[in-house]
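I have placed the structure first, in the form of structure tokens, so that the comments after it can refer back to it.
The values are calculated or read from the model by the stated rules, or taken from the named source; none is laboratory data. None of the values given here were measured: they were computed from a predicted structure. No Cβ is skipped: glycine too gets one built from the backbone with ideal geometry, and neighbour counts run over all protein chains shown. Note: accessible area is taken over every heavy atom of the protein model, side chains too, but ligands, DNA and RNA are not part of it. Shrake-Rupley method; radii C 1.70, N 1.55, O 1.52, S 1.80 Å.
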Amino acid sequence: MQAYGLRQWLITRGHDAQFINYHPSYVEEGGEFSRIWDPRRAKVNAKIAYLKLSTLQRRLFGNKEQARAFERFRQDALGITGKRLHTKAEVDAMLASQAKPFDVISVGSDQIWNPSQQYGLDPVYFADLAVKPGTRRISYAASFGKNSIDPQFEPQVRTLIRSLDGISAREESGAEIARRLSGREVTCVPDPTLLLGDFEPLIAKSEPIEKERTFCYTLRTGQGIREVADQVSKILGAEVVSPYNVHRRWAEIGRTIYPSPYGWLATIKASRFVLTNSFHGTVFAILMRKPFLVVGLPGTKKSLNERALNLLGLVGLEHRFVTGDQQDVVARLVGTEIDWAPVEQRLAALQATGAGFLEAQLALAAQSGAGSAVSR
């Protein structure tokens, strides 16, 4: 959805925007094992094994119709075509083969600067690429995923981020990290989903969905949010439904559903209440003006709450953040309506900031007079 958001924003303003189909195997499929004889790499190789097994399980036993729906979405809504590129070398080769270079290459949004356990930092996500002269390389709403970065990665981030022509980050904490390491101006901008704001054209393409449910979008753990979901469901008398998550390692919360990307949006819109521990779950509850609660991730995952907390602070809804043991607070908030008027004003200001950054970067690219392509 964030990919759709940025591309659609550019298209509606007359730019030709397309994706570089970079899809490295380490992100979802684990990648290659690393020094399996080295006990210091045990956790890394365990993560790789887990991702490989999850991928195999999905291919053998996953919901085939949902998988086809996601592929159709990539083609129809995102316009992704061409050969899948697995490595930086393949991306560089594709760029070298272009008759006309891109005017702008934008990396982001989401946690592209959060080092993965099995791979570390990916230079492609800093646009560290063999671009042709005149191509402007920027980040839009890139995120480190948390409010700090492991010191061991700071030298690499410092080198990579300084090579960008324009830098923006999604959270203020990430912008501060980028400022400190780059010594450059860094703009804090909204996620592309917030920048675009309007997802009605996608919702209109949804399959039939159930209405008046409690929608529970859960990532990383069911701890805390399960208890809140049970409580909210009892208060409202609304069944809990949760979209399928291939990486779920916890017992089902409510009833699992298998929506397409269009149906995922439509289910949020048609829900009676939204519960989530996800940044983008929070985004779409806000965009669709749904009553919602964000349930904080507990324990060692607590630092990942930074993204949702930052967003809630920006729109003045910090009080919609709860923990799993705050039963009295949950009960009170379920019965409290949200005043959306000031939220809409703050969203408009955020959108103006994001638009201003992009328009400035596109203008600078036009001045350099590259060729034709991604954003012009």
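For a straight C-alpha distance cut-off of 18 angstrom, the aspartates and glutamates reachable from Lys205 (same-chain residues fewer than eight places away being disregarded) are Glu65, Glu71, Asp76. The loop-placed chymotrypsin sites (Phe, Trp or Tyr not before Pro) in segment 11-87, going by DSSP, that have at most 13 neighbouring Cβ atoms within 10 Å of their Cβ come out as Phe33, Trp37. Could you tell me which residue out of Val334, Ser116, Leu312 lies farthest along the dipole of the chain toward its positive end? Charges go on the beta carbon: Lys and Arg +1, Asp and Glu -1, centred on the Cα centre. Selected residue: Ser116.
Taken along its three principal axes, the alpha carbon spread of segment 55-97 comes to 39, 25, 9 Å, from the longest extent down to the shortest. When Cα Rg over 2.2 N^0.38 Å is computed from the coordinates, the matching label among (1) 1.19; (2) 1.40; (3) 1.00 is (3). Remark: segment 158-263 carries a charge dipole of roughly 500 debye about the Cα centre, counting +1 on each Lys and Arg Cβ and -1 on each Asp and Glu Cβ. Could you tell me which of the pairs Lys52/Lys301; Lys83/Lys302; Lys43/Lys302; Lys47/Lys88 are separated by over 28 angstrom between their Cα atoms in the structure shown? Cα-Cα > 28 Å for Lys83/Lys302; rest within. Accessible surface area normalised per residue over segment 28-148 is 53 Å², counting heavy atoms of protein chains with a 1.4 Å rolling probe. Among the GluC sites (Glu not before Pro) in segment 1-97, those placed in a DSSP loop whose Cβ has at most 13 other Cβ atoms within 10 Å are Glu32.
Taking only the Cα atoms of segment 177-250, the radius of gyration and Dmax are 18.5, 53 Å. The angle between the Cα long axis of helix 340-368 and the main principal axis of the chain comes to about 10°, on a 0 to 90 degree scale.
Positive end of the dipole of segment 1-50, charges at C-beta (+1 Lys, Arg; -1 Asp, Glu), about the Cα centre: which of Ala49, Gln18, Gly5 has its Cα farthest in that direction? Farthest towards the positive end: Ala49. Couplings 3J(HN,Hα) for segment 50-66, derived from phi with the Karplus relation 6.51 cos²θ - 1.76 cosθ + 1.60 (θ = phi - 60°), are 4, 5, 5, 5, 4, 5, 5, 4, 5, 5, 7, 10, x, 6, 5, 5, 5 Hz, where x marks Gly and Pro. Qualifying GluC sites (Glu not before Pro) in segment 99-207, where qualification requires a DSSP coil assignment and no more than 13 other C-beta atoms within 10 Å, comprise Glu185. Think of each Lys and Arg Cβ as +1 and each Asp and Glu Cβ as -1; about the Cα centre, that makes the dipole of the chain roughly 820 debye.
When only the Cβ of Lys, Arg, Asp and Glu is charged (+1, +1, -1, -1), the dipole of segment 258-360 relative to its Cα centre reaches about 240 debye.
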